[in-house]
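Quick note: the coordinates plus some simple rules give every number you see, no bench work behind them. What you are looking at is a predicted structure, and each value in this text was computed from that prediction instead of being measured. Here the Cβ positions follow ideal geometry from the backbone for every residue, glycine too, while neighbour counts run over all protein chains shown.
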Amino acid sequence: MTDAPVRISASKWLAYVLIAIVIVLDQLTKHWSLNALNAGKTIKIFWTLQLNLVFNSGMAFSQGQGVGRIIGVLAIAVVIGLLISLRKPMSLMTIIGTGLLIGGASGNILDRMFRGDRWMKGAVVDFIDLQWFPVFNVADSAVTIGAGFLILGAFFARSSS
C-alpha cells in the first residue's frame, strides 16, 4: 500500500477557488458594512439601490425568524453533501454552480456560528437593499447565481443526452 498523493483536477480547483473567493469577499463586505452602516446609516448608490444594515436570524427573505440554528445545521449538511459531490465528474457549469453555492452557504453559516451570543445563534448580516426586494448580501447572491448555474448545467446535461 502506498501513500499516493490525491490529485485534484484543474476544473475541481476552480470550485475550491470560487468557494474561497466568495467566503472572503462576503466576510470582508459584511465587516465593512458593520462598521460603515452602524447607527442606522444608509448609503444611497443609484436609483433604488442603497446600502442598509439589517440582521436576519431566519432564512431567505427573513422568513422563519428564530429557527436560525436549525437552518444553520441544515446548511452545514448541504455544504458537506456538495463538497462530497465534487468528487464526481461534472460539467464546468456544474462545477461553477457548486463552488458558488458552497461559498455562499458557508459565508452565511459563518455569520450564524460566530455573530451571536451563542453557537449557531447569530444573525446573517445583510446590507444590499434594492428597496423593492428583501435586503441581501454577497453570500446570498452567490447562492442564487450558483443555483442558476446548477439548473442550467442540469438542463444542458439532459438536453445533450
Taking the range 52-100 on its own, how many of its residues are basic (Lys, Arg) and assigned to a helix (DSSP H, G or I)?
1
With the checklist (1) part of a loop (DSSP other than H, G, I, E, B); (2) free of Cβ contacts under 8 Å to residues at least 40 places away in the same chain in hand, flag the one item LYS121 doesn't pass.
(2)
The range 37-51, subset without any contact (Cβ under 8 Å) to a residue 40 or more places away in the chain and in a loop (DSSP other than H, G, I, E, B), residue nearest to TRP132 (Cα to Cα):
TRP47
